[in-house]
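Data first, discussion second: the structure below is written as structure tokens.
The values are calculated or read from the model by the stated rules, or taken from the named source; none is laboratory data. Small disclaimer: the values here were computed from a predicted structure and weren't measured. Every residue, glycine as well, gets a Cβ built from its backbone with ideal geometry; the counts of neighbours run over all protein chains shown. These area figures cover heavy atoms from the full protein model, side chains too; ligands, DNA and RNA do not enter into them. Shrake-Rupley method; radii C 1.70, N 1.55, O 1.52, S 1.80 Å.
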Amino acid sequence: MAISTRTQFETIIGIEVHAQLRTSSKMFCPCPTAPAEGQADEPNTRVCPVCMGMPGTLPVINRRAVELVMLTGLALNCRVEIDAVRFERKNYFYPDLPKGYQISQYALPLTSNGRLVVPVPAEGGEVTVGITRAHLEEDTARMQHAGRGYSVVDFNRAGVPLMEIVTEPDIRSPAQARAYGETLRELLRAIGASNADMEAGSMRIEGNVSLRPVGSTTFGTKVEVKNLNSFRSLERALEYEVARHAEALERGEPLVQETRGWDEENGRTIVQRSKEEANDYRYFPEPDLPPLRPSEAWVAELRAQVPELPAQRRLRYVNELGLSEYDAGVLTADAALAAYFDAVVEAGIAPKPAANWVTGEFSRLLNQRAADGLRADAVALGPGGLARLIGEIDAGRVSGTNAKTVLATAFETGEDPVAIVEREGLGQVSDGDAIGAEIEAVLAEFPSQVADYRSGKQQLFGFLVGQVMKRMAGRADARLVNQELRRRLDA
Ligand SMILES: [Zn+2]
């Protein structure tokens, strides 16, 4: 038998994300970031001399874009720079960059030094990913290769506010990298900083990966992977690179520091650019913009706006409210549903029955209307109404089965569930005297079955319960009927 001498390697991954910010106008000019409602996005219609890079034009900073980067930084536990945030010119020539440089941040980013706790379901744990920086820049125009040696360019995207978020090399597996991307997307959407849509290109992701022998403290040769259109592509591309690196290192072959693109169709990466060809961007301070000095009051105001994030909310549901991981996951996957649940609990309902109704019957009705895009916050029945209905069940005034019927109506109309119960006669009789009278009538009506039960035919109990329920048109509190009937039979 061959003895394996394979070296154990540790995978080191860092992630860079570019996210378009959700502002109505561009980073340095008043051009809209999206076509007007109902209008087609014709190429080169949302442009002006500033975003076309005409000589003599001057940029003006978009305040909302600055705010959204600060908000993101705060949500990522970053330090927000308030002394001297500088914009710098990143110089390179490409036809999608009309000025010949991109206004970005380099030496002094707006926010830095944060972290994001990422649940990794595939590995059954979580990983804390250090955030190196989240800074502000502008997007480039969009090139389209029209074939036969020429390309066309659309400047509608040029100058759209763009945020770059860079992690520390803290990620240890492709599954963690994917989980990081998904958690970050959830965060960006929760705070309203970006639509973070990979397919539409409002969120773009790149990974860099290297391997080193376990126990080593120096980094191996790093490869950057681009051209990833989905989180699945990110995970697959990184898996491919990890295997390729391990094989090369096993064989003692040198690896080259380079940029590789993911070829989705063939499931492999291909070389795009080696380090020797890398650009020297010659960064220097943007002379047309003053340094940014966000006031402490502005930062404090934004800090107060950071909502409870899905990961925190999930932890609160499990640790403080005692919900299962599963229920907590279902609720927090949809911010509107989680807010609805919170409001039901605030109205005085215990967390478990509230979660059962919100993730159960309420979600089932909501899913039936998924095609209309109905969200929990737009349902006619508010959380106070659902809380009243659950309260009626708890008090024994309506059965669980009838409550579902009531909910189906109230969900559509918004009518008070208690009013529906009364109008439709769906209330439950919990009056011991009324139930007792019907039980006596049944015992008198079926003397031989009663005698058989008393001599040991236990299965006749169900028959007798059924007779009582029938006499009371299904409205009796079944628990009470069982209890009273047994007491009288066993007397
Ligand atoms: Zn413009």
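Any chance segment 200-207 includes a residue that's among the small types (G, A, S) and crowded, with 18+ Cβ neighbours inside 10 Å?
So the first thing to find is which residues in segment 200-207 are among the small types (G, A, S), and the list is 200-202, 207.
Then keep just the ones that are crowded, with 18+ Cβ neighbours inside 10 Å; that gives 202, 207.
Yes, there is a match, as at least one residue in segment 200-207 is among the small types (G, A, S) and crowded, with 18+ Cβ neighbours inside 10 Å.
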Among E88, E81, the single one that is among the acidic types (D, E), away from the ligand (no atom under 15 Å from the Cβ) and open to solvent by 30 Å² or more (accessible area, probe 1.4 Å) is E81
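Report the residue count in segment 10-22 for those that are of a type outside the set (G, A, S) and either surrounded by 21 or more Cβ atoms within 10 Å (Cβ to Cβ) or within 11 Å of the ligand (Cβ to nearest atom) (or both). Write out each step before concluding.
First, the residues of segment 10-22 that are of a type outside the set (G, A, S): 10-13, 15-18, 20-22.
Going one step further and asking which of them are either surrounded by 21 or more Cβ atoms within 10 Å (Cβ to Cβ) or within 11 Å of the ligand (Cβ to nearest atom) (or both), we end up with 11, 13, 15, 17, 20-21.
Of the residues in segment 10-22, 6 are of a type outside the set (G, A, S) and either surrounded by 21 or more Cβ atoms within 10 Å (Cβ to Cβ) or within 11 Å of the ligand (Cβ to nearest atom) (or both).
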Matching residues in segment 181-199 - criterion: being within 15 Å of the chain's Cα centre (by Cα) and open to solvent by 40 Å² or more (accessible area, probe 1.4 Å) | E182, R185, E186, R189, A190, N195, D197
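Restrict the check to segment 244-258 and report whether at least one residue is within 31 Å of the chain's Cα centre (by Cα) and either at pLDDT 95 or above or outside the structural domain of E88 (by TED's automatic domain parsing) (or both). Before the answer, list the steps.
Pass one, segment 244-258, residues within 31 Å of the chain's Cα centre (by Cα): none.
Checked segment 244-258: no residue is within 31 Å of the chain's Cα centre (by Cα) and either at pLDDT 95 or above or outside the structural domain of E88 (by TED's automatic domain parsing) (or both).
Restricting to segment 120-159, name every residue that is of a type in the set (A, V, I, L, M, F, W, C), open to solvent by less than 10 Å² (accessible area, probe 1.4 Å) and either within 16 Å of the ligand (Cβ to nearest atom) or touching a Gly at 6+ places or on another chain (Cβ under 7 Å) (or both).
First, the residues of segment 120-159 that are of a type in the set (A, V, I, L, M, F, W, C): 120, 122, 127, 129, 131, 134, 136, 141, 143, 146, 152-153, 155, 158.
From the residues that got through so far, the ones that are open to solvent by less than 10 Å² (accessible area, probe 1.4 Å) too are 120, 129, 131, 134, 136, 141, 158.
Correct list: I131, A134, A141, A158.
Being closer than 21 Å to N156 by Cα and within 26 Å of the chain's Cα centre (by Cα) is the requirement here; does E67 meet it? Quick ask: steps written out before the conclusion?
Details: closer than 21 Å to N156 by Cα: no; within 26 Å of the chain's Cα centre (by Cα): yes.
Taking the combined requirement at face value, the residue does not satisfy it.
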Which is open to solvent by 40 Å² or more (accessible area, probe 1.4 Å), in contact (Cβ under 8 Å) with a residue 40 or more places away in the chain and more than 16 Å from the ligand (Cβ to nearest atom), of P43, P95?
-> P95
Hey, any hits in segment 414-426 for a residue that's over 41 Å from the mean Cα position of the chain (by Cα) and in contact (Cβ under 8 Å) with a residue 12 or more places away in the chain?
-> yes
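Taking the stated definitions as given, is V306 aliphatic (A, V, I, L, M), touching a helix residue (DSSP H, G or I) at 6+ places or on another chain (Cβ under 8 Å) and either more than 23 Å from E392 (Cβ to Cβ) or surrounded by fewer than 19 Cβ atoms within 10 Å (Cβ to Cβ) (or both)?
Working: aliphatic (A, V, I, L, M): yes; touching a helix residue (DSSP H, G or I) at 6+ places or on another chain (Cβ under 8 Å): yes; either more than 23 Å from E392 (Cβ to Cβ) or surrounded by fewer than 19 Cβ atoms within 10 Å (Cβ to Cβ) (or both): yes.
The answer is yes for V306.
Taking M27 as the residue in question, decide whether it is surrounded by 13 or more Cβ atoms within 10 Å (Cβ to Cβ), assigned by TED's automatic domain parsing to the domain that holds S202, assigned to a loop (DSSP other than H, G, I, E, B) and near the ligand (Cβ under 8 Å from one of its atoms). Full working, then the answer.
On the way: surrounded by 13 or more Cβ atoms within 10 Å (Cβ to Cβ): yes; assigned by TED's automatic domain parsing to the domain that holds S202: yes; assigned to a loop (DSSP other than H, G, I, E, B): yes; near the ligand (Cβ under 8 Å from one of its atoms): no.
When the stated conditions are applied, M27 does not pass them.
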